[in-house]
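**Q** Here it is: the structure, laid out below.
None of the figures in this text is laboratory data; all of them are computed from the coordinates on show. Source: prediction; values computed, not measured. Glycine also receives a Cβ, built like all others from the backbone with ideal geometry; neighbour counts cover every protein chain displayed.
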Amino acid sequence: YDYLSDDDDRRSIDSSTSDDSVPEHPYVPLVTDEESWANKCRKMEQRFKIVYAQKGYLEELVRLRESQLTNVETENKELNARLVELEEQSQQEKRELEA
């Protein structure tokens, strides 16, 4: 994804507003004209789309992991029940052999 960081934004604004004939002021406008507003808006929209896509991906990943967890928990219960059954069967066979 090709987008500028906030630092890049500040540098580009600083470089576009720096003029040697203009004295330094403590307040430098964040956006200087309509085109800058449009560029800033496009960048924010692009960032929003990227973050929104990442959010969708992460939500799908969470759904997948929850599904996998449910399946593993079910399998674990089945295996534990089978283990108990085999232990009981083993104890029964042991008692029969000792008798």
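**Q** Report, ordered by chain and residue number, the lysines lying within cross-link reach of residue 77, taken as a straight Cα distance under 18 Å and ignoring same-chain residues fewer than 8 apart.
**A** none
**Q** Label points 7 Å out from Cα along the Cβ direction at residue 75 and residue 55: separation in nm?
**A** For residue 75 paired with residue 55, the spin-label model returns 3.3 nm.
**Q** Also, quick follow-up: Lysines within cross-link reach of residue 40: Cα-Cα under 16 Å, excluding same-chain residues under 8 positions apart?
**A** Within the straight-line limit of under 16 Å, residue 40 reaches these lysines: 49.
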